[in-house]
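Sharing a structure here in C-alpha cells format.
The values are calculated or read from the model by the stated rules, or taken from the named source; none is laboratory data. Computed from a prediction, not measured in an experiment: that's the story for all the values here. Positions of Cβ are backbone-derived with ideal geometry, glycine not excepted, and every protein chain shown enters the neighbour counts. All accessible areas refer to the heavy atoms of the entire protein, side chains included, with ligands and DNA or RNA removed. Shrake-Rupley method; radii C 1.70, N 1.55, O 1.52, S 1.80 Å.
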Amino acid sequence: MKISSKLVVGALGAVGAGAAAVAAGVAAYALSSPAEPANAKLISDYDGPHDDDVVVSGDGTRLHVRSWGPAGGPIAVLVHGWTCNVGNFPRQVEHLVGRGYRVVSYDQRGHGESEPGAFAYSTGVLADDLHAVLGTVVPAGEKALLVGHSMGGITIMAWAGKYTDEVAEKAHHAVLLSTFVRDAVPAFAGATPLAALPRVAPRLSQRLGDAVLGAPVKLRHNRIHTAVLRYSALCGYASCGAVRYTEDMVAACPPDVRGEWGHVLANADVTDGLQKLAIPTSVAVGQYDHLTPPADAELIAAELKLTGHLDRFAVIRDSGHMLPLEQPEKLNALLDSIIEGRPVTAGAPGSASDESSGLVIPIASESPGAAGDPI
C-alpha cells in the first residue's frame, strides 16, 4: 500500500471515529439535558416603541431596518449573526435606549424581513449592505457605535476592507463579539473530537466543514436538535430561555439561506478588513464558545494590537456563542465601559476579587480604556 493511501485510510478512520464520538456525545448530551421546565423563564424581544423602515442596498435588495430610541440621540448600530435577525440583541437594545441612544439594527439579507437578493452571497455583499444602512441612518458629521455579533462581526470587518475611506467617517468604535477573521472550520473542529483532523487532512476537513455549515437542514424542536444547538451555539450554563429564544430565531431562518451563508462563512477570510479597521475596536467572546472559540478572538485581538487599534479584549465567563442572550448584563457592562471610556471594572457588577466576575483572561493594552482586571 502506498504511503498516500495509508494517509487517506488513516484520515478516513479518524473521521469515522471522530464522527462516531460526536454522535455519541450529542446523544448522551441530549439524553442528559433536562427538559424545559413548565415554569421556565423565557426571554422576550424588546417591546419598546420602534420604527420599521426599508433601506435599498446597492444591488436593489430591500433590507428591513428597525430603530428604537430618540431620533436625536447618539447612534448605535447592532449587526446580527448568522441565522438570527433584528431580535439578536433584546437586552442590549433596552439598555442602550435607556442611555438615550438611537439604536438601529437590520435584518441581514435573506434573514428576518429582508429580501434574499438576486446575487450570490459573499462577504462583499455583507459589506455593501452595511454600507447602505450606515449611509441612511448615520447623518453627515455623526459617528456610530458599531456592534457586530458572529456574522455581524464579519460584516463590520468586510465593510472596513471594502469601504475603508468611510470607516473613520461613519464610526467611532467597533465591538466584535463572538466572531472570527479566517479559518472558521479548523477552529470549530478544535472544539469537537475531530480536533486533529485539520492537521491530518486539511482539505478533507475543509470540505466536511463546508458541508456541515452549508447543510440546509430544517431545525425541529426536539431534544436532539436542541442538544446540538445548545452545544454549538450556547453552553451548559445557558438558561432555558436563552436556548428557546435562539431556537426560535434559527428556526425562523429559511434553511436554504442558512446553508448559503454557511458556505460563505466556512471559507471567509476578512483579514484585510480587520487590518483596515482603523478605529478603536473591542473584542469579546464567550468562555465556552464552540462555534468561534476564544482562540479566534485572540487572533483578532493580536491583529488589532499590531495595528494599534485594540481598545479592550475580554472572555466572558459562563457563556457560549450567543453572548448577547446568555450573559446580557456582563455584555452591557462592557458596553458601558466603552461608552464611558473607563476600565471595565469601574461601576460594573462585581470586582476583581469577586468570584462572580464576568471578564476573564484580559489582555494588557496601552489604551486608557483597556480591560486590566475582570469585572
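Is it the case that the range 27-49 has a residue that's assigned to a strand (DSSP E or B) and either modelled with pLDDT of 95 or more or within 17 Å of Leu145 (Cβ to Cβ) (or both)? Before you say what the answer is, go through the steps one by one.
The first filter runs over the range 27-49 and keeps only residues assigned to a strand (DSSP E or B), leaving none.
The answer is no, given that none of the residues of the range 27-49 is assigned to a strand (DSSP E or B) and either modelled with pLDDT of 95 or more or within 17 Å of Leu145 (Cβ to Cβ) (or both).
Look through the range 276-312, keep the residues that are more than 26 Å from Leu213 (Cβ to Cβ) and in contact with a Pro (Cβ under 7 Å, 6 or more places away or on another chain), and return whichever of them is surrounded by the fewest Cβ atoms within 10 Å (Cβ to Cβ).
That would be His309.
Which pairs have Cβ atoms under 6 Å, sit 6 or more apart or on different chains, and link a residue in the range 65-77 that is within 17 Å of Gly152 (Cα to Cα) and without any contact (Cβ under 8 Å) to a residue 60 or more places away in the chain to one that is open to solvent by less than 20 Å² (accessible area, probe 1.4 Å) and among the acidic types (Asp, Glu)?
Note: no pairs meet the criteria.
What helices (runs of 4 or more DSSP H) completely inside the range 251-365 contain at least 1 residues that are at pLDDT 95 or above, over 28 Å from Tyr163 (Cα atoms) and basic (Lys, Arg)?
Working: elements: 255-266, 271-275, 294-307, 323-326, 328-340.
Of the helices (runs of 4 or more DSSP H) lying wholly inside the range 251-365, those with at least 1 residues that are at pLDDT 95 or above, over 28 Å from Tyr163 (Cα atoms) and basic (Lys, Arg) span 328-340.
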